[in-house]
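Peer 1: What follows is a structure written as structure tokens; I'll ask about it next.
Please treat every number below as a calculation from the coordinates, not as lab data. Predicted, not measured: the structure shown is a model, and the values here were computed from it. Cβ placement follows ideal geometry from the backbone for every residue including glycine, while neighbour counts extend to all protein chains displayed.
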Amino acid sequence: MVDEHLKELLLRTDLQESLKDSKIDSSKLSPFQQILLIADGTLTNLLEVFLNEPIGIVKLSEEIVSITTDILPLEIKVGTQVMKRQILLQGKISRRNWLYADSIIVLERVEKKFREKLIKSHTPIGKLWREYKTETFKEITTYDREPAGKFSDYFDIKREDKLLSRTYRVFSNRQLVMMITEKFPESYFV
């Protein structure tokens, strides 16, 4: 049986290894901030449990476009049709914005019913994956710590306050289907 202290040390080492090329010092993060950055499950469920309130989305923008430059992380070429989407995860009771996310979704690689529901509903992607029993694998590509800048208004923080973020690629049926960047204020979840 693994000693608890050893288990903690291993987890910290994994986290530090994951964050080694970023601007984030994992020793300064709360346990929940660490979970939000490295979890490969859906953040909506984690937030609902942690905050004790249902979470919904506010769509800031959503458009279907043909890309004008190759997007190498998604392995797609000029002319591929994608959905670009920007949303906020917001508490349904508090009406507080907890997380910002932007996504690029390769439409030809997603099931038609899933795609239609994504466009028509205000359901977070993670809940749609569960509803459609979509198998996914998430590969985190980058972590960042940056000034809030233009995102500050969404969270009622100062422009110079810091955001923590992660970007990951989502695979389904061994295909790259989307790339998502999620950001939240460093002052949240401490």
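Peer 1: Taking amide H atoms as placed 1.01 Å from N in the peptide plane, list the residues 5 or more away in sequence, or in a different chain, whose amide H sits under 5 Å from that of MET178.
Peer 2: VAL106, VAL170
Peer 1: Mind checking which of VAL65, GLY91, SER121 is farthest towards the positive end of region 4-185's charge dipole, using Cβ charges of +1 (Lys, Arg) and -1 (Asp, Glu) about the Cα centre?
Peer 2: Checking the options against the dipole of region 4-185, the answer is SER121.
Peer 1: Quick one: what are the phi-derived ³J(HN,Hα) couplings along region 142-147, Karplus 6.51/-1.76/1.60 with θ = phi - 60°, whole Hz, x for glycine and proline?
Peer 2: 8, 10, 8, 9, 8, x
Peer 1: Using Cβ counts within 10 Å as a stand-in for footprinting exposure, how do THR44, THR142, THR80 rank, fewest first? Let's see the in-between values first.
Peer 2: Working: THR44 21, THR142 12, THR80 17.
The most exposed by this proxy come first: THR142, THR80, THR44.
Peer 1: Could you tally the net charge around ARG96, taking each other residue with its Cβ under 12 Å from the Cβ of ARG96, Lys/Arg +1 and Asp/Glu -1?
Peer 2: 0
Peer 1: Provide ARG85, ARG115 in ascending order of the number of other Cβ atoms located within 10 Å of each residue's Cβ, fewest first. Working shown, then result.
Peer 2: Details: ARG85 22, ARG115 17.
Listed from fewest to most nearby Cβ atoms, that is ARG115, ARG85.
Peer 1: If you don't mind, another one. Taking other Cβ within 10 Å of each residue's Cβ, how do ILE64, ILE57 sort, fewest first?
Peer 2: ILE64, ILE57
Peer 1: Suppose every Lys and Arg Cβ carries +1 and every Asp and Glu Cβ carries -1, with no other charges. What dipole size does the chain come out with about its Cα centre, to the nearest 20 debye?
Peer 2: 660
Peer 1: Under 18 Å from a point placed 7 Å out from the Cα of PHE50 along the Cα-to-Cβ direction: which residues of region 152-166 have their backbone N that close?
Peer 2: Under cut-off, by backbone N: 155-157, 162-166.
Peer 1: Extension gain VAL78-ARG174, at 0.36 nm per residue separation less the Cα-Cα distance, in nm?
Peer 2: 32.4 nm
Peer 1: Could you give me the ³J(HN,Hα) list for region 63-72, computed from phi with Karplus coefficients 6.51, -1.76, 1.60 and θ = phi - 60°, whole Hz, x at Gly and Pro?
Peer 2: For region 63-72, the Karplus-derived couplings read 8, 9, 9, 8, 5, 9, 9, 4, 10, 4 Hz, x marking Gly and Pro.
Peer 1: Of the labelled options [x] 0.93; [y] 1.40; [z] 0.97, which one gives Rg/Rh (Cα atoms, Kirkwood Rh) as computed for this structure?
Peer 2: [z]
Peer 1: If I model a spin label as a point 7 Å beyond the Cα along the Cα-Cβ vector, how far apart are those points for SER66 and LYS150 in nm?
Peer 2: 2.6
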